[in-house]
Each structure stands twice: as C-alpha cells, then as structure tokens.
Amino acid sequence: MSAQPERERPEAAEGPMLIAEDIHRHFEGMHAVDGVSLEVPRGKITGLIGPNGAGKSTFMAVVAGTLPASNGRILFEGEDITRLPTYRRARRGLARTFQLPSEFARLTVLENLLVAAPHHRGDSLFGALMGRRYWVKDEERLVDEARGLLKRFGMSAKESDYAGLMSGGQKRLIEIMRALMLHPRCLLLDEPMSGVHPRVIEQIQFYLQSLRADGLTILMVEHELHLVEQLCDSVFVMAQGKLIGSGTMASLRRQREIVDAYLVG
Ligand code: ADP
Ligand code: MG
C-alpha cells in the first residue's frame, strides 16, 4: 500500500488551481460575500486584502468548506467541489489552518502534528485486523514525517513540549505544520501572522516563500500591507462583500478608487 494518503483525483497540471465563481454568502439578509469571482494561480502566493468586515474570512471559509455558499461555485483543479465537506476538500489537496483548539494545548507539539494526519490505519477495520505491528509501522512513518516538518520549521527542540506553552508565533507554525501533514497542494491561510512577534513574522514569511518554492499554492488573507507587498505575487481586494480590484500591490497603489476605498483612511 502506498505510504501517501490517497488522492480522490489525479493532479491536473494546467490552469488556475482554484476558481471561485460568483460566490455569495448571506447571514440573515446580510451580504457578507456578495458575488465574488476570482482565480488563484498555481504555485503562487495570492493575497486577499480589504477592510475589517469586508467578507474575507467568510469567503475563505466558503472556499475551505467550513461555511456553505448561499450561491456560486468553487472549482478546485477543474472539479466542482462546492458541495464537498471540508475533509474531502482536504483529501483532494485543499487545506486550511485551524486555530489550535484548547484541548490540543495539552498535547505535545509532536502529537499535535500526528493527530492532524489523515487515515490513521489503527482506526480502520483493515488496520485493526492487521494488528498492532501494522499500524505501529504507519505511526513511525508519521512520526518521521512530523519530525521532518518540525526540523524544517525550526521547532525540533519543542517536540515534547505542550503546545499550550508555545508563543503566538510558534502556535501559528504548528497550525501550518498541521495543515502540511495533509499533503496539500493549496493552502488557505487567514491572517497567519496576526499577533506574532516581528522576528517570528520574518520566519513565517521565509517558510511561506520556501513552501511556494516547493510548488505549493497559497491563498492568504493578510492585513499588513507591507507583508502582502513582500510576499504576494498578486492580490485581490474586497470591500463590503465585493471584489473591488486585483493586481500586484504596486499596481493597486496606483488605482485611485482602491486607494480611496481602502489603502488610505
Ligand atoms: P473580514 O474577515 O473581511 O473582516 P468577515 O468575513 O469576518 O470579514 O465578516 C464579513 C461580514 O459578515 C461582517 O459584517 C460580519 O459581521 C458578518 N459575519 C461574519 N460571520 C458571521 C456570522 N456567522 N453570522 C452573522 N454575520 C457574520
Ligand atoms: Mg477576517
């Protein structure tokens, strides 16, 4: 059996990684997302910016599958995933970070990564029939993989510490590593650097760039525009539930309406 979690679909190598078509999400008559269409190019870091309440987090939740769309379609690798639950989107390679729930604070950093991994064989009927030796081997593979990530993210020394004792930035890194345990091809990040010490922000920035260099596609919400400028290949701007612009940060700064609506004041 393959060591990698199985994909539900083979990889398609061309076209945008993700397409949102006319996405709407209402909350009791409130149009949090009001007809957003955008394309996320593969292998790039794409930013989503806009003032507070613009609908960015709601849009990300609709893309991730944690909130159903009121209307519209999401295509991932050319396939319609609009009605798929989050875990099936993740299985296809679309993963998001979750803030660490409080109960995970009592697990070690390493354990936090292990519980994020899909397909615990010990849980399956097959794994149960094959017995402990079988799934212990699987567990060892996951531990190796988790340790590889901890090393890459400079967290090896923390593997046996409780996650709850980590700094804000280290918790953000744990969230990202947990998502990476799912072997995503596209990662959705909602303000991954908020509440993080400036020194750690630089590290996270470096890690995101290295993930992009590996070919990972990233869509991220970020409110610090200088970070967006440094990190994002292109940017979408939302205000009041609608898309009001897109382009490089430099080109957005030259657009009067966007500057007036968001970049100043
Ligand atoms: P952003 O992330 O851009 O700050 P949000 O997507 O969080 O914006 O929110 C967009 C709008 O939708 C806001 O006016 C917010 O109050 C509203 N909203 C978000 N989530 C809910 C919800 N679960 N129920 C009702 N209104 C919500
Ligand atoms: Mg938000």
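The values are calculated or read from the model by the stated rules, or taken from the named source; none is laboratory data. As the structure is a prediction and not an experimental result, all values here were calculated from the model. Because the Cβ atoms are built from the backbone with ideal geometry, glycine has one as well, and the counts that use them run over all protein chains shown. These area figures cover heavy atoms from the full protein model, side chains too; ligands, DNA and RNA do not enter into them. Shrake-Rupley method; radii C 1.70, N 1.55, O 1.52, S 1.80 Å.
For this structure, a couple of remarks:
- Residue match in the stretch 187-206 (condition: open to solvent by 30 Å² or more (accessible area, probe 1.4 Å), touching a Pro at 6+ places or on another chain (Cβ under 7 Å) and farther than 17 Å from VAL40 by Cβ): no
- Considering residues of the stretch 231-265 that are more than 24 Å from the chain's Cα centre (by Cα) and charged (D, E, K, R) only, the residue nearest to LEU211 (Cα to Cα): ARG253
- Counting only residues that are more than 21 Å from GLN205 (Cβ to Cβ) and open to solvent by 20 Å² or more (accessible area, probe 1.4 Å), the stretch 248-258 holds 5 of them.
- Residue count for the stretch 189-240 satisfying the condition of being over 22 Å from MET17 (Cβ atoms), among the polar types (S, T, N, Q) and more than 16 Å from ligand 1 (Cβ to nearest atom): 1.
- Selected residue (only one of LEU48, LEU67 is within 17 Å of the chain's Cα centre (by Cα), within 13 Å of ligand 1 (Cβ to nearest atom) and either open to solvent by 20 Å² or more (accessible area, probe 1.4 Å) or among the polar types (S, T, N, Q) (or both)): LEU67
- Counting only helices (runs of 4 or more DSSP H) wholly contained in the stretch 56-165, the ones carrying 2 or more residues that are outside the structural domain of ARG178 (by TED's automatic domain parsing) and modelled with pLDDT under 95 occupy 109-116, 125-130, 132-152.
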